[in-house]
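Peer 1: First the structure, which I've put down as structure tokens, then a few questions once you've had a look.
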Amino acid sequence: MASLKVLVLRWVGRLARRLVSTRFGQALTASVSAQGLPELGEFVTDDGTRHVRFDGYRDRVVPRWRAMVESTESGPPSFDEAAASAAKRDIADVSLLLESHGASLTGLRVLEVGCHGGLHAFAMADAGAASVLAIDVPEYGVRQAVGEDGSSDRLQAQSSTLSELRRVNAAEFRRSDTVHFLDLDVVEVTEEAAYDFVFSWETFEHLIDPRGALTAMARALVVGGHAFHAYNPFFAHNGGHSLATLDFPYGHVVLSDSEFARYVEEFRPSEASRAVAFHRSSLNRMTQSQFREQAAATGFDIVEFLPWMTRKNLAAVDPQTVQRAQKLHPSVVVADLAAAEVWVLLRKRA
Ligand SMILES: C[S@@+](CC[C@H](N)C(=O)[O-])C[C@H]1O[C@@H](n2cnc3c(N)ncnc32)[C@H](O)[C@@H]1O
């Protein structure tokens, strides 16, 4: 029989391989600096600061950006096996975290915020949740596609596409009948003490009123209920996501709103309006310390606060970047720039 040490090593190796295979793991392990890339020229900010632009920097930091930005009208929605497996693994990890704090997903009434196609919602149902109400807003997808909040026709079309995707996904899960969807902004959730668990994945950074969202989440939870959020903060090297990651490190953080607009108009004219709208209206600027303060102020205890970073992430944060970031966002610290992901487990206070 294998010794305990060997079993533990195997388990650690499996966890590491699993982590690296996820989108979140790739964000952690991807190269974060522009080292070795050919120079493309430069961009000069309003105060005369020169930023060298690098060929391939965006590919390095957000490898899948083309699929997101260049996606044209595609066929009918289809089931994505790899994304479903990743969602199941995410939920398995979140379950472990809950169990470490004496809780369990089994039997919980769950509210998921920012559910998109519902893969995490279905995975939570299959993992034992009693029910899942999964909410989302069609405006976000429309803004990414056309650079504005869109006409009611566009919103309706986006809403129908999501419904179809959820229908396709539902067929692949055992307990999908316990999952329900609603087009609803989280700040408009008015129910009180109706849920045991609030969950979001890769969504918190997109909430334009994070404090209002935390208030609504606290109201919706029973006392002692948990909230879990995994998010990719704006200040991370890859926090500009596909549309707002520029061609040099931390461009989306260190350029002002007008400099950002000038940059994309000059170098990415075909994406400019979408990029400006996304940078301005789809990414909040919440630092880790602000998250903690606002969670505490809205009635939560912070049970776990896990900023994920590697030595490589840290090495890419040079003093000029910190100072430039702080000029625009005074409460930013190195950890905000170096953490590619943050996981937070909160508990509603009595
Ligand atoms: C990057 S997607 C993540 C989707 C999904 N959780 C996943 O992991 O694939 C962020 C989602 O948050 C949603 N969202 C943004 N603001 C929201 C709000 N105020 N209320 C509810 N959902 C919101 C967006 O519409 C979008 O579907």
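Peer 1: Would you calculate a helix-derived [θ] at 222 nm for the chain, using -39,500 (n - 2.57) for each DSSP H run of n ≥ 4 and dividing by the full residue count, to the nearest 500? Could the numbers behind the result be given before it?
Peer 2: On the way: 17 runs with 160 residues, N = 350.
Using -39500 (n - 2.57) per qualifying helix, the result is -13000 deg cm²/dmol.
Peer 1: If Rh is defined by the Kirkwood formula over all Cα pairs and Rg also comes from Cα, what ratio Rg/Rh do you get for the range 201-350?
Peer 2: Working: Rg = 16.1 Å, Rh = 16.1 Å.
Ratio of gyration radius to Kirkwood radius for the range 201-350: 1.00.
Peer 1: Let me ask something else about it. In sequence order, what are the phi-derived ³J(HN,Hα) couplings for the range 121-137 according to the Karplus relation 6.51 cos²θ - 1.76 cosθ + 1.60 with θ = phi - 60°, rounded to whole Hz, with x for glycine and proline?
Peer 2: 4, 5, 5, 5, 4, 5, 7, x, 4, 6, 7, 9, 9, 10, 10, 6, 10
Peer 1: If you don't mind, another one. Mind ranking 36-48, 142-154, 54-66 by how tightly packed they are, going by the mean number of other C-beta atoms within 10 angstrom, highest first? Don't skip to the answer; put the middle values down first.
Peer 2: Working: 36-48: 12.1, 142-154: 15.5, 54-66: 17.4.
Descending mean neighbour count gives 54-66, 142-154, 36-48.
Peer 1: Could you pull out which residues in the range 328-350 have an amide N less than 19 Å from a spot 7 Å beyond the Cα of A130, following the Cα-Cβ vector?
Peer 2: Label zone hits: 348.
Peer 1: Here's another thing I want to ask about it. Extending each Cα 7 Å along its Cβ direction at T310 and R349, get the distance between those two points in nm, one decimal.
Peer 2: In this crude label model, T310 to R349 measures out at 3.8 nm.
Peer 1: In Å, what Kirkwood hydrodynamic radius results for the range 131-208 from the alpha-carbon pair distances? Working shown, then result.
Peer 2: On the way: mean 1/r = 0.0709 Å⁻¹.
Its Kirkwood hydrodynamic radius stands at 14.1 Å.
Peer 1: With angles folded into 0 to 90 degrees, how steeply does helix 210-220 sit against the dominant principal axis of the chain? Use alpha carbons for both and round to 10.
Peer 2: Between helix and principal axis, roughly 0 degrees.
Peer 1: While we're here: Between D149 and S256, what is the label-to-label distance in nm when each label sits 7 Å out along the Cα-to-Cβ direction?
Peer 2: 2.6 nm
Peer 1: Between the range 203-278 and the range 100-172, how many Å separate their Cα centres?
Peer 2: First find each Cα centre; the distance between them is then 19 Å.
Peer 1: Label-point separation (nm) for S78 and S289, each offset 7 Å from Cα along Cα-to-Cβ?
Peer 2: 4.9 nm
Peer 1: How large is Rg over Rh for the chain, taking Rg from the Cα atoms and Rh as the Kirkwood inverse mean of 1/r across Cα pairs?
Peer 2: Details: Rg = 20.5 Å, Rh = 21.2 Å.
Rg/Rh: 0.96.
Peer 1: Pull out the extension gain between K327 and E70, defined as 0.36 nm times the separation in residues minus the alpha carbon to alpha carbon distance; nm, one decimal. Walk me through the numbers on the way to the answer.
Peer 2: Details: separation 257, 0.36 × 257 = 92.52 nm, distance 3.30 nm.
Length difference between fully extended and current span is 89.2 nm.
Peer 1: Which residues in the range 164-179 place their backbone N less than 20 Å from a point set 7 Å from the Cα of A92 along the Cα-to-Cβ direction?
Peer 2: Counting only backbone N, you get 172-176.
Peer 1: Stretch A296-F267 to full length: gain in nm at 0.36 nm per residue minus the Cα-Cα span? Please report the intermediate quantities before stating the final value.
Peer 2: Working: separation 29, 0.36 × 29 = 10.44 nm, distance 4.19 nm.
In short, 6.3 nm is gained.
Since every read-out is calculated from the coordinates, none of them should be taken as a lab result. Everything numeric in this text was worked out from a predicted model, so none of it was measured. Positions of Cβ are generated from backbone atoms using ideal geometry, with glycine treated the same way; all protein chains shown enter the neighbour counts.
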